[in-house]
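Single-structure report; data block below.
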Amino acid sequence: MTRARILVASALAVLAVAAAVPWFGPRCVMRNDLSAWATLRNIWSAQSELRQAKRIDTDRDGEGEFGYLAELSGRAALPGSDRALTTPYMGTAFRIVRPDGAVARAGYRFRVFLPAADGTGVREPGTQALPPRPG
């Protein structure tokens, strides 16, 4: 994915977040906005680390690729592997992906679309709820 595509995807994500701002008063909105910006920065950082580590290389070109939130959080196996990350790049809050492909966080929904071979965006599939921990 070229840097221009990444910037466009990032800009679209920011616009989607801005359009979904809940209105509970100026302080609450500002706090939620700051949380949303921090979450976007965390997603960007996790994507950059995953790509640089070359943990995903489905087209076998020697360059790392981006992943979905469930993959970044260690919930889902990486493409081309039957194993998930043992040291995830994202926290456990990103392990539950809604059926619409979004992760709910601080009053916002975050989605990742990755490019298909034809260049169209493919949204993340939903995940099932994690089973309860024993004991």
Inset, instruction - Please label the shape of the range 20-126 as rounded, prolate or oblate, based on the square roots a ≥ b ≥ c of the eigenvalues of the alpha-carbon gyration tensor (a/c under 1.5 means rounded; beyond that, a/b larger than b/c means prolate, else oblate). - result: prolate
Inset, instruction - Go ahead and run the numbers for FRET between Asp118 and Arg60, Cβ-Cβ distance against an R0 of 25 Å, rounding to 0.05. - result: 0.85
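Tell me the trypsin sites (Lys or Arg not before Pro) within the range 34-123 that lie in a loop according to DSSP and have at most 11 other beta-carbon atoms within 10 Å.
Values: sites: Arg41, Arg51, Lys54, Arg55, Arg60, Arg75, Arg83, Arg95, Arg105, Arg109, Arg111, Arg123; in loops: Lys54, Arg55, Arg60, Arg75, Arg83, Arg95.
Counting only loop positions with at most 11 other Cβ atoms within 10 Å, the trypsin sites (Lys or Arg not before Pro) in the range 34-123 are Lys54, Arg60, Arg83.
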Legend entry - GluC sites (Glu not before Pro) lying in DSSP loop within the range 41-88, provided at most 16 other Cβ fall within 10 Å: Glu63
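Where does the charge balance sit around Phe113 when Lys and Arg score +1, Asp and Glu -1, over other residues with C-beta under 9 Å from its C-beta?
Working: positive: Arg111, Arg123; negative: Glu124.
Once positives and negatives cancel, what remains is +1.
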Inset, instruction - Round to a whole angstrom and tell me the spacing of the C-alpha centers of the range 85-99 and the range 36-61. - result: 13
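The numbers here are math on the coordinates, done by the rules we state, and not lab data. The shown structure was predicted, so the numbers you read here are calculated from the model rather than taken from an experiment. Cβ coordinates were reconstructed from backbone atoms using ideal geometry, including for glycine residues, and neighbour counts include every protein chain displayed.
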